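Novice: A single structure is presented below for examination.
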Amino acid sequence: MAGKLKLYCFDGRGKMESICWLLAAGRVEVCFSVLNLKLHSGKLLFEADRRLLTEKEKASQDAIVNEHWLFSIIKHSYFRHTKEDLKERALIDMYVGGTNDLMGFILMFLFLSTEDKEKKRAVVVQKATCRYFPAYEKVDHGQDFLAGNNFSCPDVHLLEAILMVEEVGGVLSFPQLQAFKERTSSIPTIKTFLEPGSQRKHVPDDKYMVTVRRVLCMYYDIK
């Protein structure tokens, strides 16, 4: 495993799934260690190679960080943008912020009981199709990607969000987003990541929910 990044995460699609998407899109090799122990202050362990560490952190190969820190490191290490193009960087942050909000809402939905999921499913789909997706559908600047001419973080994030909404029962009825989904899904690194047998995690199941609650010390009834 020498030379590979090592991620400690749950065995299912959670907060770290977006990190896995970005690493796959950036052609970064990674190995996983299933997380089943109590964490320190709710943070995830992350063992990185020296390319991703700051000068202060280079004294140690291990760092305790959270997924937001990881996302920032990966974004600037593998999806570089020039300092002069401030508009492009602002667009990237804006688009990523929107999809982060949407995916966070869906992750919370996944932890609901079966009964509550049926009650909230329509609300989740309504938020995605009436609040978030229309904003991305209107992005039309004659380019294939959300920010500039290059495939970047917001494109990866948006595709992940689209697939998450479809998994909870949403229907993608936006022509531009449908074309975007087909276009980005055909990018070699993304296509490989979406194929069976890849490092993409499975849809969260009951076992996953129980494990997450136990590890993160969420003491409430598990239905």
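Novice: Considering every residue within the stretch 127-139, establish whether at least one is among the basic types (Lys, Arg) and modelled with pLDDT under 90.
Specialist: Yes, because at least one residue in the stretch 127-139 is among the basic types (Lys, Arg) and modelled with pLDDT under 90.
Novice: While we're looking at this one, here's another question. Hey, Lys117 hits all of (1) without any contact (Cβ under 8 Å) to a residue 12 or more places away in the chain; (2) in contact with a helix residue (DSSP H, G or I) (Cβ under 6 Å, 6 or more places away or on another chain) but one; which does it fall short on?
Specialist: In the conditions (1) without any contact (Cβ under 8 Å) to a residue 12 or more places away in the chain; (2) in contact with a helix residue (DSSP H, G or I) (Cβ under 6 Å, 6 or more places away or on another chain), Lys117 misses (2) alone.
Novice: Being touching an Asp or Glu at 6+ places or on another chain (Cβ under 7 Å), under 16 Å from Phe145 (Cβ atoms) and not hydroxyl-bearing (Ser, Thr, Tyr) is the filter here; which residues of the stretch 175-202 pass it?
Specialist: Scanning the stretch 175-202 gives Gln176, Leu177, Arg183.
Novice: Does at least one position in the stretch 180-190 carry a residue that is modelled with pLDDT of 90 or more, of a type outside the set (A, V, I, L, M, F, W, C) and over 21 Å from Glu17 (Cβ atoms)?
Specialist: There is at least one residue in the stretch 180-190 that is modelled with pLDDT of 90 or more, of a type outside the set (A, V, I, L, M, F, W, C) and over 21 Å from Glu17 (Cβ atoms).
The values are calculated or read from the model by the stated rules, or taken from the named source; none is laboratory data. The model shown is predicted, which means the values in this text are computed figures rather than measured ones. Heads up, the Cβs are rebuilt from the backbone with ideal geometry, glycines too, and the neighbour counts pull from every protein chain shown.
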